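Notes to accompany the following structure.
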Amino acid sequence: MKRAFYVGRFQPYHYGHDKIIKMIAEEVDEIVIGIGSAQRSHSVTDPFTAGERVEMVRKALEDFPVRTYIIPLQDVEFNSLWVSHVKSMSPKFDVAYSNNPLVIQLFTEAGIEVRRPPMHERAKYSGTVIRKLMIHGERKDWEQLLPKTVVEVIDEVNGICRIKRVAGNDH
């Protein structure tokens, strides 16, 4: 039995994440999905709460053939302690997947194998791009980049209104 660890902020969960998780599932039996920066919400870069992001991922992977564990992870102020924090909060895992240089470095220093999954149409499937579309674009522009169940969670929490409000100014 092989278990992987994959972390993301999932602000919001999109088809790029979906593609990577499906690729990871071809190599392992179970996946631990870390919801990074779990303490952050209600900002332009992090509009959704950890609970909302857990719900997005859970619903997107509802019919997924591989068992997943979804773990909210708060940031740790000391990078050298981050892997220990991750390990203390999640089930044991054998391999980590990431393209983030800091995450790769920290796991490597901790003696954990790291694999770099190929990015899926990064210019299109980017949380930054999607959040900008949510603020300035038409609904159809961002909605097509997310699983339908994620769009439902965003609607349920009135997420578009939230991100537009926090993106505003007081002038």
Contact list please: Cβ distance under 6 Å, first residue in the range 87-114 and farther than 15 Å from residue 31 by Cα and in contact (Cβ under 8 Å) with a residue 24 or more places away in the chain, second residue open to solvent by 20 Å² or more (accessible area, probe 1.4 Å) and in a helix (DSSP H, G or I), pairs at least six apart or on different chains. 106/82
Within the range 123-130, can one find any residue that is assigned to a loop (DSSP other than H, G, I, E, B), within 17 Å of the chain's Cα centre (by Cα) and of a type in the set (Gly, Ala, Ser)? yes
Qualifying positions in the range 98-114 - crowded, with 16+ Cβ neighbours inside 10 Å and assigned to a strand (DSSP E or B): 114
State which residue is least open to solvent (accessible area, probe 1.4 Å) when the search covers only the range 141-171 and only residues that are among the polar types (S, T, N, Q) and under 18 Å from the mean Cα position of the chain (by Cα). 149
Would you confirm, using the coordinates I've provided, whether residue 6 is touching a residue at least 40 places away in the same chain (Cβ under 8 Å), assigned to a strand (DSSP E or B), among the hydroxyl-bearing types (Ser, Thr, Tyr) and open to solvent by 10 Å² or more (accessible area, probe 1.4 Å)? yes
With respect to the numbered conditions (1) farther than 24 Å from residue 20 by Cα; (2) open to solvent by less than 50 Å² (accessible area, probe 1.4 Å), which one is the sole condition not fulfilled by residue 138? (2)
Could you please tell me which pairs satisfy a Cβ distance under 6 Å, a separation of 6+ or placement on different chains, a first residue in the range 54-65 that is of a type outside the set (Gly, Ala, Ser), and a second residue that is at pLDDT 95 or above and loosely packed, with under 15 Cβ neighbours inside 10 Å? none
Going by the structure shown, is residue 58 open to solvent by 80 Å² or more (accessible area, probe 1.4 Å), out of contact with any strand residue (DSSP E or B) (no Cβ under 7 Å at 6 or more places or on another chain), at pLDDT 95 or above and within 21 Å of residue 152 (Cα to Cα)? no
Could you check the range 11-46 and list, in sequence order, the residues that are assigned to a loop (DSSP other than H, G, I, E, B), closer than 22 Å to residue 143 by Cβ and either open to solvent by 20 Å² or more (accessible area, probe 1.4 Å) or touching a residue at least 60 places away in the same chain (Cβ under 8 Å) (or both)? 11, 12, 13, 14, 41, 42, 43, 44, 45
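The values are calculated or read from the model by the stated rules, or taken from the named source; none is laboratory data. Only a predicted model underlies this, so the values are computations on that prediction, with no experimental measurement involved. Reconstructed Cβ throughout: ideal geometry from the backbone, glycine too, with neighbour counts over all protein chains shown. Side chains are part of the model used for accessible areas, which takes the heavy atoms of the whole protein and leaves out ligands, DNA and RNA. Shrake-Rupley method; radii C 1.70, N 1.55, O 1.52, S 1.80 Å.
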